[in-house]
Amino acid sequence: MREKYEAFKLLLHYDVLCHEQMAEIQDLFYGDHHEDLCRIRKRFTLFSEQVAGMIASLETMAPVTYVSLKEYHKKFNFYICFLLASPEIDFSPPFVVPLAKINPANKNIGNKAKNLAILKNELGAPVPHGFAVTANAFHYLLEYNNLRGEIDDLLSELNIDSSHSLNVISGQLQKHIRTAEMVPDIEMAMYAAYDDLEQAVSRPLTIAVRSSAISEDGECSFAGQYESILGVTKEKLIGAYLEVMASKYSPTALCYRIRNGLSDEETAMSVLMLEMVSAKSSGVLYTRAPLQEAGESDKLQLHVIRGFGEALVGGAAIPDQYVMTREEHPRILSRKEQHSVITEKQVEVIGRWGMNIEKYFQTTQDIEWAIDTDDNLYFLQSRPLHISAVMEAPRKATGEEENLVVLLDGCERAAGGVAAGAVYRLDDNHKLEDIPLGAVLVTRNTPPSYVQVINRLAAVIAERGSRASHFATVAREFGVPFLAGTGSAAQSFVHDSQITVDGDQGAVYQGKIESLIRKDTDHLEKDRYYRTLKEVLNFITPLELVDPAGKNFTPEGCRSMHDIIRFCHEKAVQAMFSSARPGSGRGSLKLVADVPLDVFLFDVGGGITAGIQEGGSVPLAGITSVPFQALWRGLGHPDVQWKQKPFDWDAYDKVELAGGIPPARDSFAFSSYAVIGFDYLHFNIRFGYHFTIVDVLCGKNSAENHCMLRFAGGGGDFGHRSLRIDFITRILEQLEFTVEKKGDMLEARLSSMESRVMQHKLDMLGRLLGATKLMDMVLEDEQMVSQCVDDFFSGRYSFSQEG
């Protein structure tokens, strides 16, 4: 029994860890936190090892009894590893391909380079000379410097919601790339391509070194997330290449990639090297309005500034704007000029090319262009345009909307949608990294680096910028309302005041206007990150083995990792107490007490008065375990009402629990059990669909004393179970527990209490556990939770209709 008990303790330890890991993975799915796939793979590897540990412990307790369990664990492990696996890596040549020879089907060159090659080779559009360095070169560089393992290790430690973690790990990753030894074969190929390019243009050459990563300029734009280096000479070619490569691991690029559910390998960096254009003017053409609104969606929009386009796409400039018809020969319909940078003819030529480019790609386009000092037009980029849908007709004011206080109107709508939150003005006292969740960011500019906090933003208001900026592109992708070019009017917003930002109508209202806010309820289905997690969770969390007495409660009945965990736990309990059936007189003893719980006790030393047991049972007075008696005082408090109704064991998933208490049965499968010592208690309490584990040390040494609680499950849906978790959390926190919620599970800990204080806390914990029966069927909202918390501390310990 002692050997079996040691294996049982180890199994219980693994059980706790497995449930923690399951809850944390569930939290990733239901919450807003995103993690790199390297970190998720590491989580799963640890979780799978812990499940294997439970299987090994069960084998020790019941040798050669459940041998097929390992095979089911191996099967689920294979499925999940397949879902989380990185793509195959190719680091074979060619490492450099000229634009004229790029095949659109080449999977080792990013869309930016491939799209320009199509414009140049298929459409005959004016595109600068250039070449691409393939993603194979990226993989080869990592292989040559043995960096893949180091990068994966760093990514597995990354927490993108922590500024410190993000900046530290980003810095280490970028340093690895910047200081990497260049692969001689790649270096020679790049220099040869540069020489060929210089010979083709017949003049001294400088180039622009730009990202063309795999997955960039596709479903995910990666707008402004990577570095571009202009005016690069041959002597600085390798350094510029490594710098663009390193920008793959900048804080903003890491946040963007991870929040889009892409792995590091899926975004391998290929690099585009183009002949520099000495830009007199530049800008962006949208072949449709990026906000799909009535009267404007079927038009071309052209944005123009003087010189290079960085100020425009970086959100630091307000451009000239032209609206044109979507025809073979577009006509100018309206203009908003500040500088008259280009001629009407140039506007129409750019529009004509835009229609041709869209026709080829069969989708709306976001096109970057430049005109040089000799008035030659060049196209520098073409990618799919991400369009935000907005309300197409004016909304009729209802109720609270009739009294709208308009703070700002007529703003440029850079990204649609409606959201509300507290104003957060960036200044010396309010840093970007400190922005709270759900805030409305009010700022002068919107550089692409702001993407690293986009998951915290309700909306954005900027004094400068336009819908043609990189940040606007990303805001539309993430569904964050964004008003741009508001000028000095934005300075009137008071820090921490509540406002509603209407990205559809270009307005800002005082307060929170609930009726205007659109809820996105289907983001889990659209988001690639969530789709991956959902598929992984399908092999982890579903629970088929709900009835330990059912015919499917076998290793062959396991359909998930959770089933294996449940099976191991239940069979371990049965193995632990198999010698303790009533009347056997050996091992465990059944408690005789006034609370209708079937409790079996196993004494590991000093928990039961010697010689008091009779006929396989022991009275409550015979229990000498200090923590057990303290907890039972609470469970047996006169105001904790217990009631019992029939329990349909043949239809466990349709049962109506009365008071949440299963009736007695000649099986340990549905019983509660406690391993007790004089100062120790490990109590597994079963209340129907939910269960509680309490682990307590309550001795003379207060520094060693602890109480750990795990509460999980319930018969209600996820929302109602969560309300009960909120109720328990608020009470435990007032009892000085440290509480952590993970999905529909709660874990709490109380440490370093002297024995007398710990016994009082256990008494209150017992009352709480008695009070929570069926509360997941009773609680309806947070207001009701607050009332029940107040009632509890006023002495009410029963809340369900069943008492």
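Has the range 282-291 got any residue that is buried (at least 23 other Cβ atoms within 10 Å of the Cβ) and part of a loop (DSSP other than H, G, I, E, B)?
yes
Being outside any helix (DSSP H, G or I), touching a residue at least 24 places away in the same chain (Cβ under 8 Å) and of a type in the set (Asp, Glu) is the filter; apply it to the range 736-763 and report the residue that is most open to solvent (accessible area, probe 1.4 Å).
Initially, the range 736-763 is screened for residues outside any helix (DSSP H, G or I), giving 736-754.
From the residues that got through so far, the ones that are touching a residue at least 24 places away in the same chain (Cβ under 8 Å) too are 736-737, 742-754.
Now restrict to residues that are of a type in the set (Asp, Glu): 736, 744, 747, 754.
Numbers: 736: 112, 744: 24, 747: 27, 754: 94 Å².
Only one residue tops the list, namely 736.
Can you tell me which condition residue 226 does not meet? The list is (1) open to solvent by less than 10 Å² (accessible area, probe 1.4 Å); (2) part of a loop (DSSP other than H, G, I, E, B); (3) not basic (Lys, Arg), and all the others hold.
So the condition that residue 226 fails would be (1).
Picking from 584, 578, which residue would you name as being modelled with pLDDT under 65, under 30 Å from residue 49 (Cβ atoms) and not acidic (Asp, Glu)?
Working: 584 fails: under 30 Å from residue 49 (Cβ atoms).
Step by step, each of 584, 578 is checked, and only 578 is modelled with pLDDT under 65, under 30 Å from residue 49 (Cβ atoms) and not acidic (Asp, Glu).
If I filter the range 343-364 for residues that are modelled with pLDDT under 95, in contact with a Gly (Cβ under 9 Å, 6 or more places away or on another chain) and either surrounded by 15 or more Cβ atoms within 10 Å (Cβ to Cβ) or among the charged types (D, E, K, R) (or both), do I get at least one hit?
No, that holds for no residue.
Would you check if residue 300 is in contact with a Gly (Cβ under 7 Å, 6 or more places away or on another chain), of a type in the set (A, V, I, L, M), closer than 28 Å to residue 102 by Cβ and not in a helix (DSSP H, G or I)?
Working: in contact with a Gly (Cβ under 7 Å, 6 or more places away or on another chain): yes; of a type in the set (A, V, I, L, M): yes; closer than 28 Å to residue 102 by Cβ: yes; not in a helix (DSSP H, G or I): yes.
Answer is yes for this residue.
Among the residues of the range 506-518, are any at pLDDT below 85, of a type in the set (S, T, N, Q) and open to solvent by 20 Å² or more (accessible area, probe 1.4 Å)?
yes
When the range 736-756 is examined, which residues are found to be at negative phi, touching a Gly at 6+ places or on another chain (Cβ under 9 Å) and at pLDDT below 90?
Residues satisfying the conditions are 744, 745.
Search the range 588-636 for residues being over 20 Å from residue 764 (Cα atoms) and out of contact with any strand residue (DSSP E or B) (no Cβ under 7 Å at 6 or more places or on another chain), and hand back the single one that is surrounded by the fewest Cβ atoms within 10 Å (Cβ to Cβ).
Checked the range 588-636; the qualifying residue surrounded by the fewest Cβ atoms within 10 Å (Cβ to Cβ) is 611.
Only one residue in 241, 191 is hydroxyl-bearing (Ser, Thr, Tyr), within 32 Å of the chain's Cα centre (by Cα), in a helix (DSSP H, G or I) and surrounded by 14 or more Cβ atoms within 10 Å (Cβ to Cβ). Which one? Walk me through how you get there before you give the answer.
Numbers: 191 fails: within 32 Å of the chain's Cα centre (by Cα).
Just one listed residue meets the conditions, 241.
Name the residue that is nearest to residue 189 (Cα to Cα), counting only residues in the range 254-278 that are open to solvent by less than 10 Å² (accessible area, probe 1.4 Å) and among the β-branched types (Val, Ile, Thr).
Once the filter is applied, the top-ranked residue is 271.
Out of the range 94-147, which residues are of a type in the set (Val, Ile, Thr) and either surrounded by fewer than 22 Cβ atoms within 10 Å (Cβ to Cβ) or more than 35 Å from the chain's Cα centre (by Cα) (or both)?
The first filter runs over the range 94-147 and keeps only residues of a type in the set (Val, Ile, Thr), leaving 96-97, 102, 109, 118, 127, 133-134.
Listed by number, the residues that qualify are 96, 97, 102, 118, 127.
Anything in the range 595-628 that is free of Cβ contacts under 8 Å to residues at least 40 places away in the same chain and of a type in the set (S, T, N, Q)? List them, or say none.
Kept after step one, since they are free of Cβ contacts under 8 Å to residues at least 40 places away in the same chain, are these residues of the range 595-628: 609-622.
609, 613, 617 - these are the residues of the range 595-628 that are free of Cβ contacts under 8 Å to residues at least 40 places away in the same chain and of a type in the set (S, T, N, Q).
Name the residues in the range 244-277 that are in a helix (DSSP H, G or I), at pLDDT 95 or above and polar (S, T, N, Q), would you?
Within the range 244-277, 247 is the sole residue that qualifies.
Mind checking which residues of the range 407-436 are assigned to a loop (DSSP other than H, G, I, E, B), open to solvent by 20 Å² or more (accessible area, probe 1.4 Å) and either in contact with a Phe, Trp or Tyr (Cβ under 8 Å, 6 or more places away or on another chain) or free of Cβ contacts under 8 Å to residues at least 60 places away in the same chain (or both)?
Those that are assigned to a loop (DSSP other than H, G, I, E, B), open to solvent by 20 Å² or more (accessible area, probe 1.4 Å) and either in contact with a Phe, Trp or Tyr (Cβ under 8 Å, 6 or more places away or on another chain) or free of Cβ contacts under 8 Å to residues at least 60 places away in the same chain (or both): 426, 428, 429, 431, 436.
Of all residues in the range 441-456 being touching a strand residue (DSSP E or B) at 6+ places or on another chain (Cβ under 7 Å) and surrounded by 23 or more Cβ atoms within 10 Å (Cβ to Cβ), which is farthest from residue 258 (Cα to Cα)?
442
When you scan the range 10-45, how many residues do you find that are open to solvent by 50 Å² or more (accessible area, probe 1.4 Å), over 20 Å from residue 742 (Cβ atoms) and either in contact (Cβ under 8 Å) with a residue 60 or more places away in the chain or outside any helix (DSSP H, G or I) (or both)?
0
When only residues in the range 519-548 that are closer than 16 Å to residue 261 by Cα and touching a Phe, Trp or Tyr at 6+ places or on another chain (Cβ under 7 Å) count, which is modelled with the lowest pLDDT?
524
Report whether or not residue 135 is within 28 Å of residue 356 (Cβ to Cβ) and in contact (Cβ under 8 Å) with a residue 12 or more places away in the chain. Even if it seems obvious, please write down each step before you answer.
Numbers: within 28 Å of residue 356 (Cβ to Cβ): no; in contact (Cβ under 8 Å) with a residue 12 or more places away in the chain: yes.
Considered against the rule, which asks whether it is within 28 Å of residue 356 (Cβ to Cβ) and in contact (Cβ under 8 Å) with a residue 12 or more places away in the chain, residue 135 comes out as no.
When you go through 704, 733 one by one, which is the residue that is at pLDDT 90 or above, open to solvent by 50 Å² or more (accessible area, probe 1.4 Å) and either in contact with a strand residue (DSSP E or B) (Cβ under 9 Å, 6 or more places away or on another chain) or in a strand (DSSP E or B) (or both)? Give the steps one after another, and end with the answer.
Numbers: 704 fails: at pLDDT 90 or above.
Testing whether each residue is at pLDDT 90 or above, open to solvent by 50 Å² or more (accessible area, probe 1.4 Å) and either in contact with a strand residue (DSSP E or B) (Cβ under 9 Å, 6 or more places away or on another chain) or in a strand (DSSP E or B) (or both) leaves just 733.
Open to solvent by 10 Å² or more (accessible area, probe 1.4 Å), out of contact with any Phe, Trp or Tyr (no Cβ under 9 Å at 6 or more places or on another chain), farther than 16 Å from residue 555 by Cα and part of a helix (DSSP H, G or I), is that true of residue 70? Give the steps one after another, and end with the answer.
Numbers: open to solvent by 10 Å² or more (accessible area, probe 1.4 Å): yes; out of contact with any Phe, Trp or Tyr (no Cβ under 9 Å at 6 or more places or on another chain): yes; farther than 16 Å from residue 555 by Cα: no; part of a helix (DSSP H, G or I): yes.
So residue 70 does not fit the description; no.
Here's a check for you: in the range 308-327, which residue that is surrounded by fewer than 19 Cβ atoms within 10 Å (Cβ to Cβ) and under 23 Å from residue 113 (Cα atoms) is farthest from the chain's Cα centre (by Cα)?
Filtering first and then ranking leaves 308.
Can you tell me which residues in the range 663-689 are at pLDDT below 80, open to solvent by less than 10 Å² (accessible area, probe 1.4 Å) and closer than 17 Å to residue 595 by Cβ? Even if it seems obvious, please write down each step before you answer.
Narrowing the range 663-689 to residues at pLDDT below 80: 663-671, 686-689.
Remaining after also requiring open to solvent by less than 10 Å² (accessible area, probe 1.4 Å): 669, 671, 687.
Listed by number, the residues that qualify are 671, 687.
Looking at 162, 170, 215 in this structure, which one is modelled with pLDDT under 95 and out of contact with any Asp or Glu (no Cβ under 9 Å at 6 or more places or on another chain)? Lay out the reasoning, then the answer.
Values: 170 fails: modelled with pLDDT under 95; 215 fails: out of contact with any Asp or Glu (no Cβ under 9 Å at 6 or more places or on another chain).
Just one listed residue meets the conditions, 162.
Examine the range 167-181 for a residue that is within 32 Å of the chain's Cα centre (by Cα), surrounded by fewer than 18 Cβ atoms within 10 Å (Cβ to Cβ) and aliphatic (A, V, I, L, M), and state whether such a residue exists.
Within the range 167-181 (the criterion being within 32 Å of the chain's Cα centre (by Cα), surrounded by fewer than 18 Cβ atoms within 10 Å (Cβ to Cβ) and aliphatic (A, V, I, L, M)), the answer is yes, since at least one residue qualifies.
What tally of residues in the range 325-338 results from selecting those that are closer than 16 Å to residue 352 by Cα, assigned to a strand (DSSP E or B) and touching an Asp or Glu at 6+ places or on another chain (Cβ under 7 Å)? Please lay out each step first, then the result.
Step one: list which residues in the range 325-338 are closer than 16 Å to residue 352 by Cα, which gives 325-333.
Remaining after also requiring assigned to a strand (DSSP E or B): 325, 332-333.
If we keep only those that are touching an Asp or Glu at 6+ places or on another chain (Cβ under 7 Å) too, we end up with 332.
Residues flagged as closer than 16 Å to residue 352 by Cα, assigned to a strand (DSSP E or B) and touching an Asp or Glu at 6+ places or on another chain (Cβ under 7 Å) within the range 325-338 amount to 1.
Could you go through the range 107-121 and let me know if any residue there is part of a loop (DSSP other than H, G, I, E, B) and without any contact (Cβ under 8 Å) to a residue 60 or more places away in the chain. Give the derivation first.
Here is the first cut: in the range 107-121, the ones part of a loop (DSSP other than H, G, I, E, B) are 107-110.
Checking the rest, the ones that are also without any contact (Cβ under 8 Å) to a residue 60 or more places away in the chain come to none.
No: the range 107-121 contains no residue that is part of a loop (DSSP other than H, G, I, E, B) and without any contact (Cβ under 8 Å) to a residue 60 or more places away in the chain.
The values are calculated or read from the model by the stated rules, or taken from the named source; none is laboratory data. Computed from a prediction, not measured in an experiment: that's the story for all the values here. FYI the Cβ positions are ideal-geometry reconstructions off the backbone, even for glycines, and counts take in every protein chain you see. These area figures cover heavy atoms from the full protein model, side chains too; ligands, DNA and RNA do not enter into them. Shrake-Rupley method; radii C 1.70, N 1.55, O 1.52, S 1.80 Å.
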